[in-house]
Amino acid sequence: VGIEHPLLERIGVRHAFGLRDDEPPHGLLQPVQVHGAEVVWAEVWGGFRPEADAIVASAPIEAPIAVVTADCVPLLASSPDGSAVAAIHAGWRGLAAGVIEAGIAALREAGGEVGAAAIGPHIGPCCYEVDAPVKRALAPRFDAELEAALRPTRPDHWRLDLARLARAALLRAGVAEAAIGSLEDDCTFCHERRFHSHRRDGPRSGRLTHWIARHG
Ligand SMILES: [Zn+2]
């Protein structure tokens with residue numbers, strides 16, 4: 001189970017954004033996430049899990065690829081024919097480091113255009129307050145887009161719309177507006193019964209698993 005996105009369904013790639021108690025498929029290729037901008041190709045997977053926050057698969061890989069999150073933005077993307085796919089983990093550190101641009105560049109290298117890029121459940125602007133160091137880290141890459149994604153709350157604090165920044169990064173990476181999608185009502189913090197949230201549940205929070213598999 002999990003949540004499918006119409007843009008990816010239309011291409012016909014198997015995928016799902018994770019829910020709290022679902023069972024992801026077996027044999028996922030899932031990197032060790034470090035909040036950076038490294039991309040790993042599933043083709044070079046060895047007997048170990050590399051450190052990366054984006055993973056791309058093209059022929060002949062058939063195994064599903066995955067990232068896990070609990071508030072950060074998960075992104076699942078595919079080439080127009082489903083022959084190449086990507087899974088990306090983007091929190092504020094990853095956004096500041098350019099993980100979306102790096103992951104999309106790798107997907108385009110593998111599959112030409114991007115047919116669909118779907119933004120999954122993450123902590124929404126309703127619940128995600130950040131401080132000045134986070135704003136400073138994001139400013140060099142996002143600038144005016146960052147101002148539009150922030151709403152002041154108290155001195156030196158703002159509510160941040162992570163999806164708005166993710167969308168800006170996708171557009172900058174050359175993804176067509178019509179190929180970018182998100183979900184309704186998908187704040188991980190608001191919806192305790194559906195999603196894990198690190199900010200709500202603390203360090204013992206579970207993780208949501210988001211996966212996608214290219215056409216075999
Ligand atoms: Zn919320």
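Among the residues of the stretch 165-194, how many are among the hydrophobic types (A, V, I, L, M, F, W, C), in a loop (DSSP other than H, G, I, E, B) and more than 15 Å from the chain's Cα centre (by Cα)? Matching residues across the stretch 165-194 total 3. For the stretch 180-194, a residue qualifies if it is of a type in the set (D, E, K, R) and either in contact with a Cys (Cβ under 8 Å, 6 or more places away or on another chain) or near the ligand (Cβ under 10 Å from one of its atoms) (or both), and the qualifying residues are D185, D186. Taken over the stretch 32-53, the criterion of being under 13 Å from the mean Cα position of the chain (by Cα) and either in a loop (DSSP other than H, G, I, E, B) or at positive phi (or both) is satisfied by Q33, H35, G36, A37, A52, D53.
For the stretch 195-216, the tally of residues that are assigned to a loop (DSSP other than H, G, I, E, B) and among the charged types (D, E, K, R) stands at 2. Across the stretch 106-146, what is the total count of residues that are touching a residue at least 40 places away in the same chain (Cβ under 8 Å), within 16 Å of the ligand (Cβ to nearest atom), open to solvent by less than 30 Å² (accessible area, probe 1.4 Å) and farther than 30 Å from H215 by Cβ? Residues meeting the conditions: 3. Looking across the stretch 12-51, just one residue is under 23 Å from G115 (Cβ atoms), touching a Gly at 6+ places or on another chain (Cβ under 8 Å) and surrounded by fewer than 18 Cβ atoms within 10 Å (Cβ to Cβ), and that is G12. Restricting the stretch 147-161 to residues that are open to solvent by 70 Å² or more (accessible area, probe 1.4 Å) and under 22 Å from the mean Cα position of the chain (by Cα), the residue that is farthest from the ligand (Cβ to nearest atom) is E147. Pick out the one residue from T153, T188 that is among the β-branched types (V, I, T) and more than 21 Å from P6 (Cα to Cα). From the options T153, T188, the qualifying one is T153.
Condition check ((1) surrounded by 19 or more Cβ atoms within 10 Å (Cβ to Cβ); (2) within 18 Å of V114 (Cα to Cα); (3) of a type outside the set (D, E); (4) free of Cβ contacts under 8 Å to residues at least 40 places away in the same chain) across all residues:
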{"residue": "D53", "(1), (2), (3), (4)": "yes, no, no, no"}
{"residue": "A59", "(1), (2), (3), (4)": "no, yes, yes, no"}
{"residue": "T69", "(1), (2), (3), (4)": "yes, no, yes, no"}
{"residue": "C72", "(1), (2), (3), (4)": "yes, no, yes, no"}
{"residue": "A77", "(1), (2), (3), (4)": "yes, yes, yes, no"}
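The values are calculated or read from the model by the stated rules, or taken from the named source; none is laboratory data. Given the structure is predicted, the values throughout are model-derived calculations rather than measurements. Heads up, the Cβs are rebuilt from the backbone with ideal geometry, glycines too, and the neighbour counts pull from every protein chain shown. Surface accessibility is based on the protein's heavy atoms, side chains included, excluding ligands, DNA and RNA. Shrake-Rupley method; radii C 1.70, N 1.55, O 1.52, S 1.80 Å.
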